[in-house]
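One structure is given below, encoded as structure tokens.
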Amino acid sequence: MIEQAYVQAVDQTTPTTQAIRARISQAVDATAGPVLDRLKFWLQMPTDSMFMGMMDKDCRVRAQRVGAPLSPGARGLYEPSDLSVPLGIEGKWAAVDEALKADRAVVINGSTGHVGGSESKFRNKHNTGFHVIVFLAFGQEPSGARYYLGFDPDVSATAESRAKWKPLVLGGTETRAQKFDDAKSVEVVKAMILGDPQDEFGPLVRKYYVETDEAFPQIKHA
């Protein structure tokens with residue numbers, strides 16, 4: 001699994017965290033449609049508060065869908081070639097960096113056990129299946145370790161994301177969400193992605209420390 005960590009106030013990224021926050025906030029505000037559709041647009045939601053299942057497994061479509069409005073750059077959303085193929089892997093990551101610098105979100109497709117969150121319901125002992133997330137920026141720690149700022153729409157991804165979700169949606173997700181008004185649905189989406197006003201980001205946006213000189217593990221299909 002790619003090592004992951006949460007964003008800190010001192011982190012400096014390209015593009016900046018402030019620019020990414022503004023980009024996300026504007027895109028969420030502009031998302032039209034019924035309340036439940038808006039939630040499904042941005043979030044991969046659990047079916048209930050006990051996290052025993054998932055409402056959908058549409059991660060590829062969702063990543064492409066959310067990546068588009070988060071890509072104000074002239075060439076739009078960027079999808080790199082297969083990151084599990086070692087040939088030219090460093091060049092592929094260099095192209096990812098160039099896309100991010102050009103204000104383009106990047107769709108990242110990998111095995112569930114490699115790119116998914118540590119608590120995701122999609123993870124399994126055989127590491128079968130895939131997951132798709134969106135990279136929005138890159139940065140570097142004072143130690144020299146490089147990372148990518150990634151948005152994983154999977155609400156079940158981590159203990160922190162589960163804890164954040166539970167008080168926002170009390171009871172069965174679909175039943176409760178249908179009772180939300182527009183303002184409440186926007187509030188829930190922003191809480192999960194952007195966090196509270198004093199936070200840098202919510203639990204669905206994390207730092208991913210990618211070994212850019214190594215290929216991703218091959219995706220195994222059940």
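How big is the Kirkwood radius of the stretch 32-143, worked out from every pair of different alpha carbons and given in Å to one decimal?
The Cα-based Kirkwood calculation yields 15.6 Å.
Mind listing P(r) for the chain? All alpha-carbon pairs, 5 Å bins, whole percents.
All Cα pairs, binned at 5 Å, distribute as 1, 7, 15, 20, 21, 17, 11, 6, 2, 0, 0 percent.
When ligands, DNA and RNA are left out and all protein chains stay put, how many square angstrom of accessible area per residue does the chain have with a 1.4 Å probe?
On a per-residue basis, 46 Å².
Could you give the radius of gyration (one decimal) and Dmax (whole number) of the Cα atoms in the stretch 112-174, in Å?
When restricted to the Cα atoms of the stretch 112-174, Rg and Dmax are 14.3, 44 Å.
Got a number for carbon plus sulfur as a percent of the chain's accessible area, 1.4 Å probe?
Solvent-exposed carbon and sulfur of the chain make up 51 percent of the total.
For the pairs Lys92/Lys166; Lys121/Lys220; Lys125/Lys164, note any where the Cα-Cα span goes beyond 28 Å.
Lys92/Lys166
Suppose the Debye formula is applied to equal point scatterers at every Cα of the stretch 81-154; what is log10 I(q)/I(0) at q = 0.13, 0.16, 0.19, 0.26 Å⁻¹?
Scattering profile of the stretch 81-154, log10 relative to I(0): -0.44, -0.66, -0.89, -1.24.
The values are calculated or read from the model by the stated rules, or taken from the named source; none is laboratory data. Quantities reported herein were computed from a predicted structural model and do not represent experimental measurements. Quick note on the areas: whole protein, heavy atoms, side chains included, nothing else; ligands and nucleic acids left out. Shrake-Rupley method; radii C 1.70, N 1.55, O 1.52, S 1.80 Å.
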